[in-house]
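Encoded as structure tokens, the structure appears first; notes follow it.
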Amino acid sequence: MSIANLQVVLASRPAGRAAESDFRFVEAPVPQPREGELLVRVDWLSLDPYMRGRMNEGKSYAARVELGEVMVGGTVGTVIASRHGRFAEGDKVLGTLGWQRYAVSDGKGLVKLPDPRLPETVWLGAAGMPGITAWMGLTQIGTPAPGETVVVSAASGAVGSVAGQLARIAGCRVVGIAGGAAKCGYVVAELGFDACVDYKAGPVDAALKAAVPSGIDVYFDN
């Protein structure tokens, strides 16, 4: 291909908050798939909290991103060339191809989008890793019953927002914990939680006791 592959690589390890200067845009040739591989045009990128930990030098639960490497991240894209038996040109796929316009894959960890009726971006959120995390934690471990009280920390985040909505669907009273009036307003007005405790507004213990006078049955800790 004559077009270039634009990539975002990690240029330095952040001290505190990540800054634009910690990344660098580079151009590279568009890779060509070999036998058993496919070429994907990345259409959507994820931006998730776990990425900050993978910028660090030290050990973590997942491998760190090395300096000069493409920044890790979930992606939704379109297959534009394939020499792989399971994927055809035009397929929409979900994977972890990183922050770049084009990527070659051997198909491992790559799946076709299962329902074309849904917006593509939902597979990086509510129907993707964050949503599955919420579903597993709440329904397979927390297992709340109708009428019980569920408290969700980081309630406005990608995982917490889904966990709280699933709890509401299950017939529970749901109380969120979030930082700031704007986040708490969103949690109640948009996500449908019954209440939200603003941990930045004052003593959390008293506010939480007031929000859950009958106690807590399930605590979903983010």
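Among the conditions (1) within 17 Å of the chain's Cα centre (by Cα); (2) aliphatic (A, V, I, L, M); (3) within 13 Å of Gly98 (Cα to Cα), the only one that Met55 does not satisfy is (3).
Can you tell me how many residues within the stretch 177-190 are open to solvent by 30 Å² or more (accessible area, probe 1.4 Å) and of a type in the set (A, V, I, L, M, F, W, C)?
Residues meeting the conditions: 4.
Based on this model, can you work out whether Pro114 counts as touching a residue at least 60 places away in the same chain (Cβ under 8 Å), touching a helix residue (DSSP H, G or I) at 6+ places or on another chain (Cβ under 9 Å) and part of a loop (DSSP other than H, G, I, E, B)? No, not satisfied. Figure legend. Inter-residue proximity from the stretch 13-35: first residues small (Gly, Ala, Ser), second residues open to solvent by 50 Å² or more (accessible area, probe 1.4 Å), beta-carbon distance below 7 Å, spacing 6+ or different chains. Indicated pairs: Ala18/Arg52. Residues that are buried (at least 22 other Cβ atoms within 10 Å of the Cβ), more than 14 Å from Pro130 (Cα to Cα) and hydrophobic (A, V, I, L, M, F, W, C) within the stretch 153-176 comprise Ala167, Cys172, Val174, Val175, listed in sequence order.
The values are calculated or read from the model by the stated rules, or taken from the named source; none is laboratory data. In this text, all values refer to a predicted model and were calculated from it rather than measured experimentally. Please note: Cβ atoms are built from the backbone with ideal geometry, for glycine as well, and neighbour counts cover all protein chains shown. Calculation scope for accessible area: heavy atoms of the full protein, side chains included, ligands and nucleic acids excluded. Shrake-Rupley method; radii C 1.70, N 1.55, O 1.52, S 1.80 Å.
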